[in-house]
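Have a look at the structure below before the remarks.
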Amino acid sequence: MMRTPSLLHALICFCVVVGMISSGLFVFNISLHSIIFMALIWVGVNARLLGHDYAAIQSMMSEAITRALPAIYIFLLIGMVIASFMQSGTIATLIYYGLSLIEPSLFLFTGLLLCCL
């Protein structure tokens, strides 16, 4: 029988996952892949405690991945564009001419203002 988690159970599960990620990264210096795997085990155990069987957990995971794929593709494309800009020298050129046009002490502030537009 599948149960809906209470607000307290959901908050505890969420806080444990956030705590695992932050303590693993900042305190223990563990790789993010290992931390996410441990968090996945934690969430899977909690899903089993709520009465979900393995097939239901697997179908929910694949459905969530399918919904997230467009955003993942967008992030990959943004990364490729930034990498091509860095490799071709576009970023360095923009910084060079930007520092020659704008006083270096105001460069970050001006960049913030331009990005806000």
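The values are calculated or read from the model by the stated rules, or taken from the named source; none is laboratory data. Bear in mind the structure is a predicted one, so any value in this text is a computation, not a measurement. Note: ideal-geometry Cβ built from the backbone for every residue, glycine included; neighbour counts use all protein chains shown.
Which residue pairs have Cβ atoms under 9 Å apart, sit 6 or more places apart or on different chains, and have a first residue in segment 1-16 that is in the same structural domain as Ile41 (by TED's automatic domain parsing) and closer than 12 Å to Asn46 by Cβ and a second that is surrounded by 10 or more Cβ atoms within 10 Å (Cβ to Cβ) and polar (S, T, N, Q)? Listed pairs, sorted by first residue: Pro5/Asn46; His9/Asn46; Ile12/Asn46; Cys13/Asn46; Val16/Asn46. Only residues that are of a type in the set (A, V, I, L, M, F, W, C) and either loosely packed, with under 10 Cβ neighbours inside 10 Å or assigned to a loop (DSSP other than H, G, I, E, B) (or both) were counted across segment 1-28, and they come to 7. Cβ-Cβ contacts under 8 Å between residues 6 or more apart (or on different chains), taken from a first residue in segment 43-72 that is closer than 19 Å to Thr4 by Cβ to a second residue that is hydroxyl-bearing (Ser, Thr, Tyr) and not in a helix (DSSP H, G or I), are listed as Leu50/Thr4.
Look at Met86 and say whether it is surrounded by 12 or more Cβ atoms within 10 Å (Cβ to Cβ), of a type in the set (A, V, I, L, M) and not assigned by TED's automatic domain parsing to the domain that holds Arg3.
Working: surrounded by 12 or more Cβ atoms within 10 Å (Cβ to Cβ): no; of a type in the set (A, V, I, L, M): yes; not assigned by TED's automatic domain parsing to the domain that holds Arg3: yes.
Answer is no for this residue.
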